[in-house]
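To start, the structure itself, in structure tokens.
The values are calculated or read from the model by the stated rules, or taken from the named source; none is laboratory data. Quantities reported herein were computed from a predicted structural model and do not represent experimental measurements. All Cβ positions, glycine included, derive from the backbone under ideal geometry; neighbour counts span all protein chains shown. The area values use the complete protein model at the heavy-atom level, side chains included, leaving out ligands, DNA and RNA. Shrake-Rupley method; radii C 1.70, N 1.55, O 1.52, S 1.80 Å.
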Amino acid sequence: MPVEDLVPSEYSAGFVTDIESETLPPGLDESVVRFISGKKQEPQWLTDWRLQAYAAWRAMTPPTWAHVHFKPIDFESISYYSAPKNFEDGPTSLDEVDPELLRTYEKLGIPLHEQETLAGVVRQTPNVAVDVVFDSVSITTTFKEKLAEAGVIFCPISEAVQEHPELVQKYLGTVVPQRDNFYAALNSAVFSDGSFVYIPPGVRCPMELSTYFRINAQNTGQFERTLIIADAGSYVSYLEGCTAPMRDENQLHAAVVELVALEDAQIKYSTVQNWYPGDKDGKGGIYNFVTKRGACRGARSKISWTQVETGSAITWKYPSVILRGDDSVGEFYSVALTNNYQQADTGTKMIHLGKNTKSTIISKGISAGKSQNSYRGLVRISPTADGARNYTQCDSLLIGGNSGAHTFPYIENKNLNAIIEHEATTSKVSDEQLFLCQQRGIDAEKAVSMIVNGFCKDVFRELPMEFAVEAGKLLEVSLEGAIG
Amino acid sequence: MNILEIKDLHVSVGGEQILKGLNLSVEQGSVHAIMGPNGSGKSTLANVLAGKPGYVIDRGEIHFDGDLLNDVDPEVRARAGLFLAFQYPVEIPGVSNMEFLKAAVDSLAAARGGEQTTAVEFVKSVRKIATALDLNPEFLKRGVNEGFSGGERKRNEILQLLLLNPRLAVLDETDSGLDIDAMQTVADGINRFRDAHNCVLLITHYQRLLNHVVPDVVHVLSDGVIVKSGEKDLAVTLEERGYAWLTD
């Protein structure tokens, strides 16, 4: 069986939850922005902020530089708000949550009942606090009280706007400005919900924080916004997971994530992205156009992005770090797997401003089927960044003969003291390797999964334990039936 | 009882006919050597036995333990006890030898309906074999054949042979590129493998390996057919006289 015999994989999270929703009719104008803001009972400053973003967005055009191809999106055909109906007044406990919704999360293997873990029953994800975002609203946040004892704030951003407006107002849009780019502007105007995290000075967050995003409703965009602030000397590890039903139409996901690390603070942000990738003929799937950026504001602060990207029809995503504080550290570890007709254009930006700032980029791209997988990365060393260092390694693995791997590294160095290293390799899962495995009794699928997992080892070891296991399995599923 | 039975085998690769009516029977407990000049079809025979894609059987039959093998997938042949030691074992970077060997042992055990060995037992048995073959057990942590010298790769093949303990071992020029000491080590490994229940098909270009692994039968392959078979002395004659007197 040659490697070329690639067939599509089954998407196991592709079910639709039959639930009554309140959904805005498609289309976007000022009244939609006001509606969303009103729905959330937001203060005037935030309504104005959204309207500013909306005005900026109107004047912008979608970026065309990415190595991806798709029909222009009709932004008038998308609904910008959808929420399960019985959340009108907001659920106060899990008992009020629609049982259908609970079953959705059970199917996805996400525990919403914190008492099960508290009672000492060991489950798959022990000691993880979860915030769940279903379509446009946050459903539940677990372990809130335990976190509060440590002074940690972990809640839906809509709640943070009410409860901690001073923090939200101080930091919102300071890392990703409203008019940063087309999709960020759109998100700023219509963002529905997302997670908010604040870790007070000197606190090590006592558990992993996690958000699970699920798109359910049809013709709906998901525009969540996440804001994480690690105050001086604090530490937090944050996990993000995503799934969506299988639908024939493409769905837009345009999120913004902002991270702020103050002096000596550390943020570790991990993503396992498994949005519906479309079917084997390239029909349907999520357009994942996301802006993620972290600011190392304080000296010796550190931000680390780890991402495992297996889903989405199109991925456009560059989790970045602005290294402003002296001796601050930015890291980017990425596995991006594309199969069938998926397209990914992903990478990072490391902007060195402070002295002795360090960044590490490890990118592993795997292309199978007829997919196109691009790494795009920028390393910029400013004149002020004496002693800056960057190490970049980007490796591509091709499976079969019909996929593409591309690398677009940009290096802008304005400081002669900087040390910049860049390594890149491209390899192929060869018929010879597969035959060797098969000759030893290992079937081709298992062989490919072993080879791919081996290829990704350097990134997987950066993931928190529970996620590393999930990531390995996810790759296996994404490649399922990859060999005929 | 014959473990391997090949009848009138015609095989082509890329449209070119390489094997042109080959007949061969290998009985349990025996070692058969296949010798022959370059391009006679020795490696094609090895590859078609293992079911390598691209080797097309135009006519004839291969029977293994009484079952017709012609259309059986390579991994199924392996699980049935057919082993090929590769002439040029490839590297699989990122997959450790340990992981690779354990996956192989587990899949064979599963096919035989036996229990899987524990990691501890497994490592023990691999280390034992590795030591006997002069392979530093540290190699288990390295990628499959990654950065291995030619000699190390061949010894790794023999290690797999001893670990997987098949019914039929097809050794494709395992002696090529080995120095004298490595040759002895590899030969010891093969001798350790042979017993009354299995059999060996030893494909070689030179006679020297046969000084260490004494075959029961020697066959000469020329232009896709076996032109002569004899006892071990035939190998010595070939060494002295070359192949030309048989093929002219």
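Could you give the length gained on full extension between A:His164 and A:Ala59, defined as 0.36 nm per residue of separation minus the Cα-Cα distance, in nm? Could you put the intermediate results ahead of the total?
On the way: separation 105, 0.36 × 105 = 37.80 nm, distance 3.20 nm.
34.6 nm is the gain from fully extending A:His164 to A:Ala59.
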Q | Separation in nanometres of the label points that stand 7 Å from Cα toward Cβ, at B:Leu68 and A:Glu30 | A | 8.0
**Q.** Per-residue ³J(HN,Hα) for the range A:352-357, Karplus 6.51 cos²θ - 1.76 cosθ + 1.60, θ = phi - 60°, Hz, x for Gly and Pro
**A.** 8, 10, x, 6, 6, 7
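For each pair in A:Lys370/B:Lys52; A:Lys355/B:Lys141; A:Lys39/A:Lys71; B:Lys7/B:Lys102, compute the distance between the two Cα atoms and list the pairs where it is over 27 Å.
Working: A:Lys370/B:Lys52 25 Å; A:Lys355/B:Lys141 39 Å; A:Lys39/A:Lys71 32 Å; B:Lys7/B:Lys102 35 Å.
Table pairs above 27 Å Cα-Cα are A:Lys355/B:Lys141; A:Lys39/A:Lys71; B:Lys7/B:Lys102.
Based on Cβ point charges of +1 for Lys and Arg and -1 for Asp and Glu, what charge dipole magnitude is obtained for the range A:360-459 about its Cα centre, in debye rounded to the nearest 20? The partial results should precede the final answer.
Numbers: 10 positive and 10 negative charges, 41 e Å.
The dipole of the range A:360-459 has a size of about 200 debye.
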Q. Amide H neighbours of B:Ile3 under 5 Å, counting only residues 5+ apart in sequence or on other chains, H built in-plane at 1.01 Å?
A. B:Val26, B:Glu27, B:Gln28
Q) What nm distance separates the two modelled labels at A:His67 and A:Thr174, each placed 7 Å from Cα along Cα→Cβ? A) 3.7
Q: Take A:Tyr269, A:Tyr318, B:Tyr55 and sort them by solvent-accessible surface of the protein heavy atoms, 1.4 Å probe, largest at the top.
A: B:Tyr55, A:Tyr318, A:Tyr269
Q. If the label point is 7 Å along Cα→Cβ of B:Glu240, which residues in the range B:187-227 have backbone nitrogen under 19 Å from it?
A. B:206-212, B:215, B:218-220
Q: Step through the residues of the range A:228-234 one at a time and calculate ³J(HN,Hα) from phi using the Karplus curve (6.51 cos²θ - 1.76 cosθ + 1.60, θ = phi - 60°), rounding each to whole Hz and writing x for Gly and Pro.
A: 10, 10, 10, 6, 3, x, 9
Q) So who's got an amide H within less than 5 Å of the one on A:Ala424, skipping anything under 5 residues away but keeping other chains? H placed 1.01 Å off N, in plane. A) A:Cys394
Q: Let me know the whole percent of all Cα-Cα pairs from chain B that are separated by more than 28 Å.
A: 31
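Under a point-charge model restricted to the Cβ atoms of Lys and Arg (+1) and Asp and Glu (-1), what is the dipole moment magnitude of the protein assembly as shown relative to its Cα centre, in debye to the nearest 20?
Working: 67 positive and 96 negative charges, 329 e Å.
Using Cβ point charges on Lys, Arg, Asp and Glu, the protein assembly as shown gives about 1580 debye.
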Q: Would you please give the residues with an amide H less than 5 Å from that of A:Phe408, counting only those at least 5 places away or on a separate chain, with H modeled from the backbone geometry?
A: A:Tyr375, A:Arg376, A:Gly377
Q. Taking the Cα centre of the protein assembly as shown as the origin and placing charges on Cβ (Lys, Arg +1; Asp, Glu -1), which of A:Pro464, B:Leu161, A:Ser320 is farthest toward the positive end of the dipole?
A. A:Ser320
Q.
Run lengths n ≥ 4 of DSSP H only: what is the helix-derived mean residue ellipticity at 222 nm for chain B, with -39500 (n - 2.57) per run over all residues, to the nearest 500?
A. -11000 deg cm²/dmol
Q. Hey, if you put +1 on the Cβ of every Lys and Arg and -1 on every Asp and Glu Cβ in the protein assembly as shown, which of B:Ala130, A:Val257, A:Phe191 ends up farthest toward the positive end of that dipole?
A. A:Val257
Q) What does the accessible area per residue of the protein assembly as shown come to in Å², with a 1.4 Å probe and no ligands, DNA or RNA counted? A) 39
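With 19 Å as the limit, write out which pairs from A:Lys280/A:Lys364; A:Lys446/A:Lys473; A:Lys283/A:Lys446; A:Lys428/A:Lys457 have Cα-Cα distances beyond it, or answer none. Don't skip to the answer; put the middle values down first.
On the way: A:Lys280/A:Lys364 23 Å; A:Lys446/A:Lys473 12 Å; A:Lys283/A:Lys446 27 Å; A:Lys428/A:Lys457 17 Å.
Violating the 19 Å limit, Cα to Cα: A:Lys280/A:Lys364; A:Lys283/A:Lys446.
Let's see if you can work this out: charge +1 on each Lys and Arg Cβ, -1 on each Asp and Glu Cβ, no other charges. What is the dipole magnitude of chain B about its Cα centre, in debye to the nearest 20?
Working: 24 positive and 35 negative charges, 81 e Å.
That gives chain B a dipole magnitude of about 380 debye.
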Q) Taking only C-alpha pairs under 8 Å that are 6+ residues apart, what is the relative contact order of chain B in percent? A) 28
**Q.** HN-Hα J in Hz across the range A:48-65 - Karplus 6.51, -1.76, 1.60, θ = phi - 60°, x for Gly and Pro
**A.** 4, 4, 4, 5, 4, 4, 4, 4, 5, 4, 3, 8, 9, 10, x, x, 10, 7
